[in-house]
Amino acid sequence: MKTLICSFCAKTGILCPKCEAKFRSGHISKVDVEVSVQLTKLAEKFPELDKMTLIRAFDVEGEYVLVLKGGDLARLRRESQVMKKIESELQRKVWFIEGEASDRKMLEDLFHPVRILTVNTVWLPDGSKLTKAIILGRKTERFPLDIEQVKRVVKEVRGIDLLVEFERL
Ligand SMILES: [Zn+2]
């Protein structure tokens, strides 16, 4: 698996001078390093992971957000066992998104399997903007996602202020 550190560092968990410099200069974070090492370990058991690339990793309120290369997520969804293994190896909930995705695609990935009807930009009188996602249906108690956490994730990863609304047909 391609990660944010070189394969030597990802295997040993000890940073070489080059990766250490990336870490010190702030190009990669502690979470990036930890997740790179853990996923590399996991790739020994699940070779599917070797075809994938980790672009960034975030810790949002104790849950991980893994940013993968475009196309990786579709591949990973076909291997839902591997997705579950990643969560159990990292011992927390993991949100998966893709690096170069549009905001809409990112939201669709975060809300998956819940479908998003539309994504709009709402301008506020003070010039700031909100991104509004409308979900088809009604919010019930069985709604599978923590919407507040999705809002925190998009704020942290892309600086987006998200508003979520439900709409019945
Ligand atoms: Zn290195």
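Each reported figure results from applying straightforward, stated rules to the coordinates on display, with no laboratory input. Because the structure is a prediction, the values reported are computed rather than measured. Because the Cβ atoms are built from the backbone with ideal geometry, glycine has one as well, and the counts that use them run over all protein chains shown.
Numbers at a glance
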{"item": "Hydrodynamic radius by Kirkwood, which averages 1/r over all alpha carbon pairs of segment 102-169, in angstrom", "result": "12.4"}
{"item": "Interchain or long-range residues, amide H under 5 Å from residue 54's placed H", "result": "2, 3"}
{"item": "Listed residue pairs exceeding 26 Å between alpha carbons, taken from 51/139; 18/155; 11/105; 85/139; 51/105", "result": "51/139; 18/155; 11/105; 85/139"}
{"item": "Under 14 Å, Cβ to Cβ, from residue 31 - net charge with Lys/Arg +1 and Asp/Glu -1", "result": "-2"}
{"item": "Note, ³J(HN,Hα) from phi for segment 95-103, Karplus 6.51, -1.76, 1.60, rounded to Hz, x at Gly and Pro", "result": "9, 10, 9, 10, x, 8, 5, 5, 4"}
{"item": "Dmax and Rg, reported as Rg then Dmax, of segment 1-62 (C-alpha, Å)", "result": "11.3, 32"}
{"item": "Gain in span if fully extended, residue 74 to residue 124, counting 0.36 nm per residue against the direct Cα distance", "result": "14.5 nm"}
{"item": "Chain lengthening between residue 83 and residue 50 when straightened (0.36 nm per residue, less Cα-Cα)", "result": "10.5 nm"}
{"item": "Cα extents of the chain along the three principal axes, largest first (Å)", "result": "53, 38, 25"}
{"item": "Label-reachable residues, segment 25-51, where backbone N falls under 13 Å from a point 7 Å from residue 92's Cα toward its Cβ", "result": "30-36"}
